Structures are given as C-alpha cells and as structure tokens.
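For reference, the structure is listed below as structure tokens.
The values are calculated or read from the model by the stated rules, or taken from the named source; none is laboratory data. Predicted model only: the values in this text are computed from it and were never measured. Note: ideal-geometry Cβ built from the backbone for every residue, glycine included; neighbour counts use all protein chains shown.
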C-alpha cells in the first residue's frame with residue numbers, strides 16, 4: 001500500500017513541474033510554434049510583442065491603445081513564439097483570447 005501511495009504522489013508531483021507556459025501555449029504547428037532563444041526585457045507590451053513577432057510570420061494581434069503600455073514580464077529562454085507571449089503576459093491583466101497557427105490575439 002505504501003508503494004502505491006509513493007507512486008501516486010510521485011506522479012502528482014511530476015505533473016506540477018511545468019513552467020506554466022506549456023499548459024496554455026498549445027502547439028498548433030504554425031509559425032508561432034517555432035522555437036528560438038529570447039532575452040527580452042522591455043517596459044511596454046507593444047515593444048515586447050513587436051520583438052517576438054518581428055520577421056517571423058507569427059502575427060500578434062492586439063489593440064496597442066489598450067495593451068501597449070502594460071508592463072510585461074521579461075522573456076528569457078529557448079521558447080516558441082507562442083510560449084514567449086504567454087511568458088510576457090503571465091500575471092498581467094492581458095490575456096490570449098484566440099490562437100491560430102500563425103497568429104495570437106492578446107486583449
């Protein structure tokens with residue numbers, strides 16, 4: 001019985017070890033799902049979004065009059081463009097409202 005409890009506890013702990021981006025940043029097989037290294041730390045979301053999307057074919061759709069001035073989190077590491085967006089907005093008032101293979105909508 002103890003071995004069963006230990007095995008179940010181990011599985012539960014392993015499932016909690018995610019970074020938080022994989023759960024929401026679904027891989028749709030598009031241009032937003034190509035990984036690259038990021039080291040971005042801007043004070044505005046519009047600057048961060050532009051840096052993530054620049055010359056990649058992954059469009060980040062947002063109304064910059066509403067979202068541009070919001071302070072994003074730094075984006076660091078080897079991530080897909082989609083994961084980078086989720087990392088930037090995690091814990092802010094911004095939310096991804098739609099995901100397509102080549103676009104991400106943030107409101």
Residue list for segment 93-107, restricted to those being without any contact (Cβ under 8 Å) to a residue 60 or more places away in the chain, more than 15 Å from residue 30 (Cβ to Cβ) and in a strand (DSSP E or B): 97
Residues located in segment 59-76, provided they are more than 16 Å from residue 42 (Cβ to Cβ) and in contact (Cβ under 8 Å) with a residue 12 or more places away in the chain: 59, 61, 63, 66
Enumeration of residues in segment 46-92 that are assigned to a loop (DSSP other than H, G, I, E, B) and under 22 Å from residue 26 (Cβ atoms): 56, 57, 58, 62, 72, 73, 90, 91, 92
Given (1) modelled with pLDDT under 95; (2) surrounded by 14 or more Cβ atoms within 10 Å (Cβ to Cβ), index of the condition residue 50 fails: (1)
